[in-house]
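Chemist: Here you go, one structure.
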Amino acid sequence: MDVVACYKALADPTRYAIFRDLKEKDLCACHLLERLEITQPTLSFHMKKLTECGLVLATKDGIWTRYQINREMVQSLLSELEYFVL
């Protein structure tokens, strides 16, 4: 796990907004596009960053891709942060 890559991914305001939206429920790319009012290429760029570092999982659903938070990765990040407060 590349902790720094995960934090860099979340440091971008658009990616952070995507991550927050995914907390509510899994979303397809079409719904993310509507919520964020960004172009499809821009969404693809941000989703690539989030999936490459492992924070988000992508699943093909017909012509769309559904995204969900990788809760195991988030738990790993939390464990890393606990190191600093324990």
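Chemist: Looking only at residues that are out of contact with any Phe, Trp or Tyr (no Cβ under 9 Å at 6 or more places or on another chain) and surrounded by 17 or more Cβ atoms within 10 Å (Cβ to Cβ) in region 4-37, which one is nearest to Gln68 (Cα to Cα)?
Modeler: If we take residues in region 4-37 being out of contact with any Phe, Trp or Tyr (no Cβ under 9 Å at 6 or more places or on another chain) and surrounded by 17 or more Cβ atoms within 10 Å (Cβ to Cβ), then Phe19 is nearest to Gln68 (Cα to Cα).
Chemist: Could you pull out the residue among Phe45, Phe19 that is at pLDDT 95 or above and in contact with a Leu (Cβ under 9 Å, 6 or more places away or on another chain)?
Modeler: Phe19
Chemist: Give region 1-34 a look and list any residue that's in a helix (DSSP H, G or I), in contact with a helix residue (DSSP H, G or I) (Cβ under 7 Å, 6 or more places away or on another chain), more than 19 Å from Ile63 (Cα to Cα) and not small (Gly, Ala, Ser), or say none.
Modeler: Val3, Cys6, Leu10, Thr14, Arg15, Tyr16, Ile18, Phe19, Asp21
Chemist: If you go through region 36-67 one residue at a time, how many are assigned to a helix (DSSP H, G or I) and acidic (Asp, Glu)?
Modeler: Residues that pass the stated criteria total 1.
The values are calculated or read from the model by the stated rules, or taken from the named source; none is laboratory data. Here the structure is a predicted model, which means the values were calculated and not measured. Virtual Cβ from ideal backbone geometry, glycine too; neighbours counted across all protein chains shown.
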